[in-house]
Every structure is written in C-alpha cells, then in structure tokens.
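No value in this document is a laboratory result; all are computed from the given coordinates. All values reported here derive from a predicted model rather than from experimental measurement. FYI the Cβ positions are ideal-geometry reconstructions off the backbone, even for glycines, and counts take in every protein chain you see.
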Amino acid sequence: MFESGKICGVVAAPAAKSMLKQLDRALLRTRIVELRLDWLANDAEITWFLRRLAARKPRATMIATCRRREAGGFYRGSIAKQLVVLAEALRAGCTWYDLDIETASKCPKELVDVLLGNGKQLASAHFFRGLPKNLDQIPAKLWKSRPDAIKIASECKSLADAVKLLHVARGKRNVAAVPMGEAVPPARILALQQGSALAYAPVENATAPGQVCLDEMVKLYRADCLDRRTRIYGVIGNPVGHSLSPQLQNAAFQARRINAVYLPFLVRDLEDFLAAIEPFGIAGFSVTLPHKQRILRHLNGCDPLARAIGAVNTVVVRPGGKLYGYNTDYVGVLRSLERRIHLSSSRVLVVGAGGAARAVAFALVQAGAAVCISSRRKKPAQTLAKMAGAVALESDRIRHEFFDAIINATPVGMHPFVTDSPLNAAELNCRLVFDTIYRPRVTRLMQLAARRGIECVSGVEMFVAQGTAQWEIWTGERAPVLTMRSAVERALAREEAVRGKTGYRIR
C-alpha cells in the first residue's frame, strides 16, 4: 500500500507556516504524512500552504485530508469546495487523498473520478461515539466505491473494543484500523503489529483522542519495527500517564536488542485488561495504583513474599495464560536505604498504608528496623502494622517523635499535584527523608526536609531498582542499569526544564 513506511505523521495547524514547520519535523521521522488541510483557518491559508508545498516538492508519500464538520473535521466549505481543495493538493504533490464516507455518499463517483482521478483514494469512516454495531459491514461499504485503500477509525471505550476494531484489518491488505480514546493508546502503538496498514501519530497537535505523538511512536515505542514475534509488556494503572516506566524498560530492550516493547495501559476495568492479554500477546506487566492489591485475586500463583505483603507490582504471563505475581518494590526499598542508614538499628516511620506502603514496611521489618505506620485512615494503618510486625502511630503523634528515617509511601505530592505534601515541616523530626514518588524528583516533602538540613532520597532510586528487577524477571538477563537510569534522568530533566528548576540538588 504505502511503500515508504507505515507510521503516518499527522500535520495539523491553523496557520500555513506552522503546517510547513510540522511537515519538516515529520519528515525527520517518517516518509508518510497526512496533511490535515481542514485544520487551516481558511481557504487563503490552504492556498498559500499548497503553493509552498508544490514549490518544495518533498520526497514523501503525502495524504491530503480536508474533512468537513459533518465528518468530524473543521472545513466549513461545501462538498464541491472540499473536492477542489483535494484536487489542488494532488497537483501540489500529494499522491493520496482521504475521502470520508459522508462526502462519498453524497457525491457521484464519476465526479470524484474526474476531479481526483490522478490520486489514490483512501476511503474513510470515523465513529466518534463508540464502536458501531455493524462494524463487520463497514469494510464492504467502503470498498463499494473501489478505493485503493480503506480506513476505519472509531472511539474504543475499552481494550475489548480495540481488539474488535484491529481484527478488521488483520490478514487484510490496504486496511487501516485506527482506535481512538483515552483507554487505547497501546492499541494505536500496536496497530501495525496487529495488521493495520497505517498507524497515525501527530507531529504536534492531536487530531483525535488517545493519539501518541510521532516522536514517541518512532523513538520510544519503535512501532514500525514491531512484528508478530515482538514480546509485549506494559504497566497497568489509573492514572498511568505520569509513569516513566516505558522510558525505563524500553531503553533496556533497545540496549540489549531484544524484540520487545513496553506500553502504558490506562486500566479502569481490570477484567477488560486481563481479557486483552491473549489477543495482544502480553508476556508480562507492571502493576501500579490502584491495582496492586486487586490483582491478587486474578493470579494463578504468587511469590510467597508478595503474598505476605499482600500487594503485587510485577506479573509474568506463563504458558497457557497463567499469571504469576511478584513484588519488586521490596528490592527497591532496600537498595535505596541500606547504603545510607543501618536498617537493623534504625527507627523508621512509613507514611501510608496502601500497596507501596506494604512493600516498604515488610522490607524494613525484614531488615531489622523498628517500623511505625501512620495513615490518615487509622484502621488500614493498624491492619498493616499487625501484618508486617510494625507499630501503628497516630498522625497527631508524629511531631512529638524522632525517627532515623521517614518514608512517604503515599501518592501525595505526585505530579501534577506537586505543591502537596503528606507531612508539614514541624513533623519532619528525622535524619533522612525518603519519598517514593519519583515524578517530580524533588517533591514538596523533600523541599521542606531540605530546608531543615535533612538528607533526602528521591523516589528515582527505588523506581530504577524495582524496575530493573522487573526487567530481569521478565527476560532472565542482567539489566543494563546505567542505561535505564540515564533514560529516566533524561526524561525527568526535560520535564524540569519546562517547569523550572527547584534549586535543590538530590543526593
């Protein structure tokens, strides 16, 4: 179908000059580009852009799209004007044009052939309110006009919907299936691997919900390199957009040249994700909030330590679809602290009583520390203390106690709520503060501690340690730790450059 490649960079902007800049950026990553002409502010901008495009003659396969409002686009002109714009785009160097089903149904094929006969037609249908009940009939309707290829894009409210949509393209030639929606970015990344002729990725401006930007699609996920032998891993959580696990794990796969990819799954419905394991060929996954405890009831087996902790953050999919769980947060805690304090003779406060706190508490108790548990909810703190062999501590007692270390094992202070802190300055009576949050590296809690001269440990330490342990469980190989840490540090540094520096250096 598209001889130049399969990832289609989407160029969309209201101004023609911005479109040209995006086109230049797109061509650094792919040789297939969709030009969303309907995004341009008016016909004058469209004309100016197409004249410049004709003068440049970029060496790329370009698809002209000018979708009217009726079809979910922005073009305000008539069908006749829409066809004229597409014809001008073909003369300017586009070899393909996208003709939506709404226009095709109202326009005689003979007229389309006269105006657009020199181009290749991509017949498209878009469903913005959910997967159509007659999905299996849509391809036949699109092929009826004898286009060169077809595209079906639909909002998918679950991974199950995405599986159904991608199945339309599997084993077919010249069929692009495009899942849309917040729950299905992994399906967009896996679209090519699942058989779709194209995977769409915006250069800058998202043109549909759930899109993954072109840079990430190519560099982070290598979507155009995935095949049926690729091992699929991921992280499940809600929210999951903050996670840097894809940067961490994919850096290792690329460094070791392993045919595998790691994806972020926004999972609100755990059963929906579990049902997608077999269709997508998922080989293992990380588990984060709020599923670390919920996943236990779905496992076929579990490491004894993870079972004792009562929380799992790592799952291996064994033959037959059997799920086996581990907890590598335990490893992350010990590696982060044992170089800084003598755990066997320390008194440590753990703030929180959820899945992360469980791993922290068990690790510290096993290492010989005297552990106190404090939580805004009294009963969970008491329950965890009893399970781990620790002591529950009332929140109002914290300011009157002294600890060798205080550990935040709650999500309080996590991006984007960076001004929040689980404790105030008066409660930080300790030698060391360890915040398990890694995004941002310097949390509000750490800033308060630094002002009092208290040593701080970033959650990056624990994050990298638990992540490398996960990678080794999945692959059976030694993890490239320095490469993985560097990938995370670079990602965090980019974020800090945008948000501004804190002025505090992490030890």
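So how much slack lies between Ala54 and Lys106, counting 0.36 nm per residue of separation and subtracting their Cα-Cα distance, in nm?
15.8 nm
Round to the nearest 10 and give me the degree value, 0 to 90, for the angle of helix 459-475's Cα axis relative to the longest principal axis of the chain.
70 degrees
Just round it to a whole percent: the fraction of Cα-Cα distances in segment 7-228 exceeding 30 Å.
17 percent
Using +1 at the Cβ of each Lys and Arg and -1 at the Cβ of each Asp and Glu in segment 104-248, identify which of Asn238, Tyr200, Phe127 lies farthest towards the dipole's positive end.
Of Asn238, Tyr200, Phe127, it is Phe127.
Quick one, what does Rg over Rh come out to for segment 315-388 if you take C-alpha atoms and the Kirkwood Rh?
Expressed as Rg/Rh, it is 1.08.
Amide H of Ala392: which non-local residues (sequence gap of 5 or more, or other chain) have their own amide H closer than 5 Å, using H built in the peptide plane?
The answer is Ile373.
Based on DSSP, what percent of beta bridges with both residues in the chain are antiparallel, to the nearest 5?
The answer is about 10 percent antiparallel.
What order, most packed first, do the peptides 290-301, 175-186 have when packing is the mean number of other Cβ atoms within 10 Å of each residue?
Peptide ranking by packing, descending: 175-186, 290-301.
Under the rule a/c < 1.5 gives rounded, and otherwise a/b versus b/c splits prolate from oblate, where does segment 1-118 land using the Cα gyration tensor?
It comes out prolate by the Cα gyration axes.
Which of the three applies to segment 255-411, rounded, prolate or oblate, going by the alpha-carbon gyration tensor with a ≥ b ≥ c and a/c under 1.5 meaning rounded?
prolate
When the Cα centres of segment 101-132 and segment 171-237 are compared, how far apart do they sit, in Å?
24 Å
Based only on other Cβ atoms within 10 Å, what is the fewest-to-most ordering of Asp224, Asp404, Asp98?
Asp224, Asp404, Asp98
Find how many whole Å separate the alpha carbon centroid of segment 385-460 from the alpha carbon centroid of segment 6-52.
Each part reduced to its Cα centre gives a spacing of 48 Å.
HN-Hα J couplings of segment 77-82 from phi, Karplus 6.51/-1.76/1.60, θ = phi - 60°, integer Hz, Gly and Pro as x?
x, 6, 4, 4, 5, 4
Under 1.5 on a/c is rounded, so check that first for segment 330-464, then, if it is not, pick prolate when a/b is larger than b/c and oblate when it is not; a ≥ b ≥ c are the square roots of the alpha carbon gyration tensor eigenvalues.
rounded
For the chain, what does the equivalent ellipsoid look like in terms of its semi-axes, each the square root of 5 times an eigenvalue of the Cα gyration tensor, given largest first in whole Å?
50, 24, 19
In whole angstrom, how far apart do the alpha carbon centroids of segment 65-97 and segment 136-158 sit?
19 Å
Can you tell me the dipole magnitude for the chain around its Cα centre, using point charges on the Cβ only (Lys, Arg +1; Asp, Glu -1), in Debye to the nearest 20?
The dipole of the chain has a size of about 420 debye.
When only C-alpha pairs under 8 Å and at least 6 residues apart count, what is the relative contact order of segment 7-228, in percent?
For segment 7-228, the relative contact order is 17 percent.
If you take every residue apart from Pro132 with its C-beta less than 13 Å away from the C-beta of Pro132, what net charge results, scoring Lys and Arg +1 and Asp and Glu -1?
Taking every other residue near Pro132 into account, the sum is +2.
So for segment 330-464, averaging the separation of alpha carbon pairs under 8 Å that are six or more residues apart and normalising by length, what relative contact order in percent results?
Dividing the mean separation by the residue count of segment 330-464 yields 22 percent.
With N set to the residue count of segment 164-261, report its C-alpha Rg divided by 2.2 N^0.38 Å to two decimal places.
That works out to 1.06 for segment 164-261.
Projecting each Cα onto the charge dipole of segment 7-228 (Lys/Arg +1, Asp/Glu -1 at the beta carbon, about the Cα centre), which of Cys225, Gly9, Ser78 comes out farthest on the positive side?
Of the options given, the answer is Cys225.
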